[in-house]
Structure formats: C-alpha cells, structure tokens
Amino acid sequence: MSRKIIILFIISSVLLFFSCDKKQTANKNSANAEIKKGIAPVADNEIAVIEMEQPAFGTIKIELYSNIAPKMVARFKELADEGVYNGTTFHRINQSVIQGGDPFSKDDNPNNDGTGNSDKPDLQAEFSDIPFDTGIVGAARLGQDTNSANSQFFIMLKRESAFDKNYTIFGKVIEGMGNVRTIAGVNPKQGERPLENVVIKSVTILPKK
C-alpha cells in the first residue's frame, strides 16, 4: 500500500511541476513581449468599413495602423477580403467593449461563440504604449496566451487603463461611434452575449478618401 502511495505522490509531483512550468512560461512570454514606445499611430491609406445587417446599427468606419501592428492589420484585411467576417456577430458586449470576428458565431450553437478563430495561424503580440481609449480597436485573443491573436477584435467603449500594453491595438473608429454605442445598448443578454444576434453583414477594405 505504501508503495502505491509513493508512486501516486511522484506522479502528482511531476504533473504539478509541468503545470507550474507552463504557467511560468506564459507569464514570462507576456512580460517579455516587445512594446513599441513613443510611436504615433499613422493611418493606412485604406480603411475598414463594417456594415451591419440590421439597419438600426448602421456602419462603422475604422482607420488601420500598419506602423503599429503590421501583422494584425494584414490579417484583418486578408480576412475581410476573403469574406470571413461576413455573417459573424458581435457576440460579447459589456461596459468596456463590443467584441466580434469569431467565425464560430456564424453557426447555430451560441455556446461556442467567442471560442473560435480563423484557419490561419495565431499572431504574435504587437503591443504599443498607445492608450486604450474610446474607439480604439484591439485584437482579442483566446485565454491568457499573449500570442493568440487571430481573427477576433474588439472596439473600446471607454478608457480602460488595464488594457494598456496588454493587447494589440491596430486601429480606431473614425466614423460611426454612435452606432457602436447603439450596439452596446442591445438587450436582453445572457451574460455578455446578446440573445438576438447582432450580425455583421460585411467588412470591406476601401481606399481612404
């Protein structure tokens, strides 16, 4: 009996070691993520136009910052051009953000909304010292992995200093912030998810006028 207890103790210790090591590695990756400092965002010569399916939610126009987050901007444009965002929803709405861009939100299973990404590889963090203020567009990620930005994005409803240097900023709303707030006021919700889908009709990349 004592031998079995010793074996179980050894196995438990090994599992605990690898679990702690994984957490420490994740924290280390987050702490060592490169942060671009003192660089002002420069708008691309193209903007993203989000057209909502419901007329009441209108249109949202976003300027994009390739000089701050070139990988995420390229990915956003690529997915928009491929139509990946068409038919997705703003599946997460709270006091700070509206979040969308999950291909899983196109299906009939509301329970998987927010858990999916595109079929393309995740992107490394592109942090900057730009403050997360109203209208800023950031790259969402799955879980705590710093380098898991992929397709999902969020739009800030207010200043949130806790987001600073912790998420990739890649754009800002330049027109339609009122529509963003209309979306943010949708009710009823189950937790943070609207019970009635808030559907993105299309995301189009157009020349900046």
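Spin-label pair Lys209-Glu78: with each label point 7 Å from Cα along the Cα-Cβ axis, the two points sit 3.0 nm from one another. The simple spin-label model puts a point 7 Å past each Cα toward its Cβ; for Arg181 and Asp108 those points are separated by 3.8 nm. Using the Cβ-Cβ distance between Ala56 and Ala33 with R0 set to 41 Å, the FRET efficiency from 1/(1 + (r/R0)^6) comes to roughly 0.55. Take the Cβ atoms of Ser202 and Asp145, set R0 to 25 Å, and the FRET efficiency comes out at 0.25.
Compute the signed sum of charges (Lys and Arg +1, Asp and Glu -1) over the other residues within less than 13 Å, Cβ to Cβ, of Gly83. Mind showing how you got there, number by number?
Details: positive: Lys77, Lys106, Lys201; negative: Glu51, Glu78, Asp81, Glu82.
Once all neighbours under 13 Å are counted, the net charge is -1.
With θ taken as phi - 60° and the Karplus curve 6.51 cos²θ - 1.76 cosθ + 1.60 applied, the whole-hertz 3J(HN,Hα) list for region 154-168 is 9, 10, 6, 9, 7, 5, 9, 5, 5, 7, 4, 6, 10, 9, 7 Hz, x standing for glycine and proline. Taking the fewest neighbouring Cβ atoms within 10 Å as the starting point, the ordered list for Met177, Met52, Met156, Met72 is Met177, Met52, Met156, Met72.
Extension gain, Leu195 to Thr115: 0.36 nm times the residue separation minus the Cα-Cα distance gives 27.1 nm. This ranking places Ser105, Ser96 by how few other beta-carbon atoms lie within 10 Å of each, fewest first, which gives Ser96, Ser105. Residues in region 127-140 carry Karplus couplings, in order, of 6, 9, 9, 5, x, 7, 10, 3, x, 5, 10, x, 8, 7 Hz; the curve used is 6.51 cos²θ - 1.76 cosθ + 1.60 with θ = phi - 60°, and Gly or Pro positions show x. Annotation: amide H of Arg159 within the under-5 Å range of Thr134, sequence separation 5 or more or interchain, hydrogens built in the peptide plane.
By definition, a body whose alpha carbon gyration tensor gives a ≥ b ≥ c is rounded when a/c is under 1.5, and region 52-209 falls into this rounded group.
Couplings 3J(HN,Hα) for region 184-190, derived from phi with the Karplus relation 6.51 cos²θ - 1.76 cosθ + 1.60 (θ = phi - 60°), are 5, x, 5, 9, x, 10, 9 Hz, where x marks Gly and Pro.
Using unit Cβ charges (K, R positive; D, E negative) and no other charged atoms, how large, in debye to the nearest 20, is the dipole of region 33-207 about its Cα centre?
420 debye
Near the amide H of Asn67, within less than 5 Å, lie the amide hydrogens of Val42, all on another chain or at least 5 residues away, with H placed in the peptide plane. Cβ-to-Cβ counts within 10 Å put Glu53, Glu63 in ascending order as Glu53, Glu63, the fewest first.
Every number here is computed from the coordinates shown, using simple stated rules; none is lab data. In this text, all values refer to a predicted model and were calculated from it rather than measured experimentally. Note that we place each Cβ from the backbone using ideal geometry, even for glycine, and neighbour counts take in every protein chain shown.
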